[in-house]
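Read the figures in this text as sums done on the coordinates, not as results from a lab. On a predicted model such as this, the values are computed, not experimentally measured, just so you know. Because the Cβ atoms are built from the backbone with ideal geometry, glycine has one as well, and the counts that use them run over all protein chains shown.
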Amino acid sequence: MKKTAKLLTLAVALFAGFGGTAQAEGFKIGADAVTSYVWRGIDLGNSAAIQPAISYTFAGSGVVIGAWGSYAVTDNVVDDAGAKSRYKEVDLYATVPVGPFSLTATDYYVPVGDNDKSFDFSCDGPNVIELSVGYAKDNLSLLAAINVAGNDTSLGYKNAKYCEAGYKFYNKDGYTAKGVVGFGDEDYYSDNARGRKNDNFALVNTGISVSKDRYTASYIYNPNTEASHLVFMASF
C-alpha cells in the first residue's frame, strides 16, 4: 500500500513520512528500483520491485495529484488457492498543503487473482481509501493516517490507524540520515496478526535510512513481528 508516492512518501523512502520541500508547478515523473518493498514495517511482495510515479502540481495552491505504483519482479505472492502471482499496487492520491501541514487522500489499489476491478470498495474489492495528515518542520516529520473506506473497513479492521515520527539527524558530505518510529493497529500492520481483529495499537515500524544523491539504504525492524529488513533503493 503506498507508501509511500514520493510526496506522500508512499514513496517509498520506506518511511512513509512527509517532506517539507515544495514541488515546482507542472508535471513530474520518476521511478525507484528497490531490493524489496517494505511499507510501514511489512514486506509486501517478498521481491525486488520497480516503482514508477507521476504527479502534477497546481500553481499557486501547491495542490498535488498523482499516481504511484509498485511492481514486483518475481511471483512470490500465494493466494488462497495456492496460485502464485507478482505483487502489484497502483495508488492515486491528492495532497493539499496547509502551511507546514499536508492533507492527503489516497486510494490504494492492490489486485489479487481475479479480484482486479479498479474502484471496487466492497468487502472483497481490491481498494482501500486512507485519509492522512502530515507535518514537517526543519528536521522533524510527523504522520497520522486512518483507513475510512474499502475492504479494510468492510473486513472488520475497524478503520486501521497508523502514526509515525521521523527525524533527520545527520547532514554532512552529501549524506543525510533519518530515523523513524511508527505505531499501527496490530491486526492490520503485522502479518502474523492479520485476521485476528484485535484492537492493539503496537510499535510496528522502526528504522534508519541513509541517503546520498539518488541512492538510499534503509534498515527497518518491526518489533511486533520481530522481522528485520535491509533495503537498497535507487531513484531515477
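Tabulated values for the structure
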read-out: By average C-beta atoms within 10 angstrom, highest first, the peptides 88-97, 37-46; value: 37-46, 88-97
read-out: Total charge dipole magnitude, the stretch 40-89, about the Cα centre, Cβ charges on Lys, Arg, Asp, Glu only, Debye to nearest 20; value: 140 debye
read-out: Only Lys, Arg (+1) and Asp, Glu (-1) charged, at Cβ; the stretch 74-120 dipole about Cα centre in debye; value: 180 debye
read-out: Cross-link table K168/K212; K84/K161; K84/K117, entries beyond 23 Å C-alpha to C-alpha; value: K84/K161
